[in-house]
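Working notes, beginning with the structure itself.
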Amino acid sequence: MMIRKSTAKGFLWILISLGVLGCADMDPVEFDVEKPLSIKKQEELNSLEELKTYTSDDSRFKLGAGVSMSAYNAQGAMFSLTNENFQEVTAGYGMKHGAIVNDDGSLNLTSVNEFVENTTEQGVTIYGHTLMWHANQNASYLKSAIAPKEIPLPDGPGWMVLLDQSFETDDATGYQTNGPNAPIAFTAEGEGYNGVGRALKIVNAEVRANDWESQLFVTFPKVTEVGQKYRLEMDVRTEIAASFPTQAHTAPGGYKYWNFFGSISSTPEWKHINVETTIDANTSGCNTIAFNLGSNATTYYFDNIVVSWYNSKGVTYEERTPEEKKDTLSAHLEKWIEGIMTASKSNTHAWDVVNEPMDDANPYELKTGVGKTDLAEDEFYWQDYLGKDYAVTAFKLAEMYSNPDDLLFINDYNLEYNLDKCKGIIEYVNYIEEQGARVDGIGTQMHINIDSDKAKITEMFQLLAATGKMIKVSELDIGVGVKTTEANEELYVAQEEMYKFVMDQYFSLVPKAQQYGITIWSPTDSPASSSWRAGEPIGLWTEGFTRKPAYRGVVEGLGGIDIN
């Protein structure tokens, strides 16, 4: 295509300045200018039809998009783009437990109801995401539901004994030392406080360079909190007059602060100690008193160590049994699934029932929160309380509260990266169904890159197809290895090819009867402020809603065009 222009402006102005133009007519000078290649390529992309027009009318296959519920409900640019190009939407966060469950366990379904109404009006269905997951949960509510039970004390507020150690037996509950510089021994019977029983005997043989090189640790079964009051009582004597400090530790040897209950003074005669302290930021989060004995070359005798806590609420706590926790969570799970499914079912006919169950390091086992010390505020592992059958329970509840023909999926990530994880989730699906629950399909997320292993992608689809289940690519996005600001045409072409490859493999390896759909998880490139692949050009459109080569890759994958 050529652009025709009338020019020679410079020549005209020269003639005018020379006064030679007069009244004579002049034909304009014509020449052709080639349209820039970048404009031609963009026009080619823009000439393509909307994505959903390339899907087959005789198939149940759905082309989906992952969208923000709030962005869709706002009915702006993302609303229009989604409706024009996709048949199904998955709410990125808005239909999850953490977004809907209030701190008292009630459900706020206002935005969900609006989402259902808006999608219904536009003829776009919803893929329910997600009923049971370990992330994006109102974990504080769930933890509170299974927290120890409060039991009122008959006498109201008062001091509660946390540790009472008299050293009359070899039961070493609540105390230990830091090794050979503080060897543990005991006196003979009748040499304890006031000549009764026995006492703990620790010999510090020499003055140490640091007083903490010889330590006695006393640990009590409650972690301190700011504002609480604690009391230390004990009987102590030393062979020579001595003074030794107490430190606050988070565990034996886990030093936090140099002063806990002050310094303890002792003499060759038994002395009763009674010291109270109010916990501040320095001593909070601790449950161990460290007695630093290294400054005095002497023998220490301890008896009747009692640590108490002032219970200002006048209640005690009783741990719930595993059965009680399971019953409580099962009841909440049913309330949650009934609530979200009932509110959504008029326009939601497929559900991500269980999300990301398999462990990355042990791909044939379930994930667990046991032993994790860095749990996020919204993490809660249902499986740690409901056991291996947690998904069985979820699928049975989903079947109970869904429409009769709804499809129920299990979903996970990295199935194309870790083929053992793919095999692991297939085994788990078999187990779920052996326990009497129904699983209709398996979702594979596919957050991949242009250099992802194509052979593994192929094998994953082969493994999934062999299950006979409905197969859904549930969260497809493809990175190019750099941020948007560094991406170039070569990388975008590679991204286009990878989108096409994934779709080609899906359609060629998954039988038509098992093809549920493919969801583009991020239709536009991810903003730098996003919580998901921040600043990466993973979409089919730019952030400004301009089509990218990846758009054509999806069209090609759908069989709409073939430029090879």
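Exactly one residue out of 526, 530, 452 is of a type in the set (S, T, N, Q), within 22 Å of residue 424 (Cβ to Cβ) and out of contact with any His (no Cβ under 9 Å at 6 or more places or on another chain), and it is 452. What residue, among those in the range 73-98 that are surrounded by fewer than 23 Cβ atoms within 10 Å (Cβ to Cβ) and touching a helix residue (DSSP H, G or I) at 6+ places or on another chain (Cβ under 6 Å), is nearest to residue 380 (Cα to Cα)? So the residue we want is 93. Pairs meeting the criteria (first residue in the range 329-340 and under 16 Å from residue 133 (Cβ atoms), second residue of a type in the set (Phe, Trp, Tyr), beta carbons under 8 Å, at least 6 apart or on different chains) are 329/382; 329/385; 333/382; 337/401. Of the residues making up the range 41-62, just one is among the aromatic types (Phe, Trp, Tyr) and part of a loop (DSSP other than H, G, I, E, B), namely 61.
Per the conditions (1) more than 27 Å from residue 442 (Cα to Cα); (2) in the same structural domain as residue 67 (by TED's automatic domain parsing); (3) modelled with pLDDT under 95, the sole criterion not satisfied by residue 532 is (1). Test of understanding: among 537, 527, which residue is crowded, with 17+ Cβ neighbours inside 10 Å and either in a loop (DSSP other than H, G, I, E, B) or not assigned by TED's automatic domain parsing to the domain that holds residue 130 (or both)? The match here is 537. Restricting attention to the range 176-196, and to residues there that are in contact (Cβ under 8 Å) with a residue 12 or more places away in the chain and aliphatic (A, V, I, L, M), which single residue is surrounded by the fewest Cβ atoms within 10 Å (Cβ to Cβ)? Within the range 176-196, the match that is surrounded by the fewest Cβ atoms within 10 Å (Cβ to Cβ) is 185. Scanning the range 133-149 for residues that are farther than 24 Å from residue 351 by Cβ and crowded, with 20+ Cβ neighbours inside 10 Å yields a total of 0. When 186, 167 are checked against the criterion of being under 22 Å from residue 222 (Cβ atoms), in contact with a Lys or Arg (Cβ under 8 Å, 6 or more places away or on another chain) and of a type outside the set (Ser, Thr, Tyr), a single residue qualifies: 167. Whenever a residue of the range 68-85 is under 16 Å from residue 99 (Cβ atoms) and in the same structural domain as residue 52 (by TED's automatic domain parsing), its partners that are part of a helix (DSSP H, G or I) and acidic (Asp, Glu), lying with C-beta atoms within less than 7 angstrom and at least six residues away or across chains, give the pairs 73/114. Within the range 348-366, the residues that satisfy the criterion of being part of a loop (DSSP other than H, G, I, E, B) and buried (at least 18 other Cβ atoms within 10 Å of the Cβ) are 356, 357, 363. Is it the case that some residue within the range 239-261 is touching a helix residue (DSSP H, G or I) at 6+ places or on another chain (Cβ under 6 Å), in the same structural domain as residue 192 (by TED's automatic domain parsing), surrounded by fewer than 20 Cβ atoms within 10 Å (Cβ to Cβ) and in contact (Cβ under 8 Å) with a residue 12 or more places away in the chain? The answer is no, given that none of the residues of the range 239-261 is touching a helix residue (DSSP H, G or I) at 6+ places or on another chain (Cβ under 6 Å), in the same structural domain as residue 192 (by TED's automatic domain parsing), surrounded by fewer than 20 Cβ atoms within 10 Å (Cβ to Cβ) and in contact (Cβ under 8 Å) with a residue 12 or more places away in the chain.
Just one residue in the set 239, 225 is at pLDDT 95 or above and either out of contact with any strand residue (DSSP E or B) (no Cβ under 9 Å at 6 or more places or on another chain) or over 23 Å from residue 294 (Cβ atoms) (or both); that residue is 225.
Per-residue answers, yes or no, for (1) outside the structural domain of residue 344 (by TED's automatic domain parsing); (2) surrounded by 13 or more Cβ atoms within 10 Å (Cβ to Cβ):
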| site | (1), (2) |
| --- | --- |
| 112 | no, yes |
| 128 | no, yes |
| 164 | yes, yes |
| 171 | yes, no |
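Summed over the range 384-440, the residues that are closer than 27 Å to residue 455 by Cβ and assigned to a strand (DSSP E or B) give a count of 4. Pairs are defined by a Cβ separation below 6 Å, a sequence spacing of at least 6 or placement on different chains, a first member in the range 214-232 that is in the same structural domain as residue 162 (by TED's automatic domain parsing), and a second member that is in a strand (DSSP E or B) and among the hydroxyl-bearing types (Ser, Thr, Tyr); the pairs so defined are 216/177; 217/288; 218/175; 219/288; 229/278; 229/310; 230/277; 231/308.
Residue 442: hydrophobic (A, V, I, L, M, F, W, C), in the same structural domain as residue 352 (by TED's automatic domain parsing), in contact (Cβ under 8 Å) with a residue 40 or more places away in the chain and surrounded by 16 or more Cβ atoms within 10 Å (Cβ to Cβ), yes or no? So residue 442 does not fit the description; no. Taken over the range 262-286, the criterion of being surrounded by 18 or more Cβ atoms within 10 Å (Cβ to Cβ) and either assigned to a loop (DSSP other than H, G, I, E, B) or under 37 Å from the mean Cα position of the chain (by Cα) (or both) is satisfied by 279, 283, 286. Under the condition of being hydroxyl-bearing (Ser, Thr, Tyr) and in a helix (DSSP H, G or I), which residue from the range 487-521 is surrounded by the most Cβ atoms within 10 Å (Cβ to Cβ)? Looking at the filtered set, the residue picked out is 499.
Go through the residues of the range 546-553 one by one and say whether even a single one is touching a residue at least 40 places away in the same chain (Cβ under 8 Å), surrounded by 23 or more Cβ atoms within 10 Å (Cβ to Cβ) and under 27 Å from the mean Cα position of the chain (by Cα). So far as the range 546-553 goes, no, none of its residues is touching a residue at least 40 places away in the same chain (Cβ under 8 Å), surrounded by 23 or more Cβ atoms within 10 Å (Cβ to Cβ) and under 27 Å from the mean Cα position of the chain (by Cα). What residue, among those in the range 83-128 that are within 16 Å of the chain's Cα centre (by Cα) and farther than 21 Å from residue 386 by Cα, is modelled with the lowest pLDDT? Filtering first and then ranking leaves 92.
The values are calculated or read from the model by the stated rules, or taken from the named source; none is laboratory data. All values reported here derive from a predicted model rather than from experimental measurement. Note: ideal-geometry Cβ built from the backbone for every residue, glycine included; neighbour counts use all protein chains shown.
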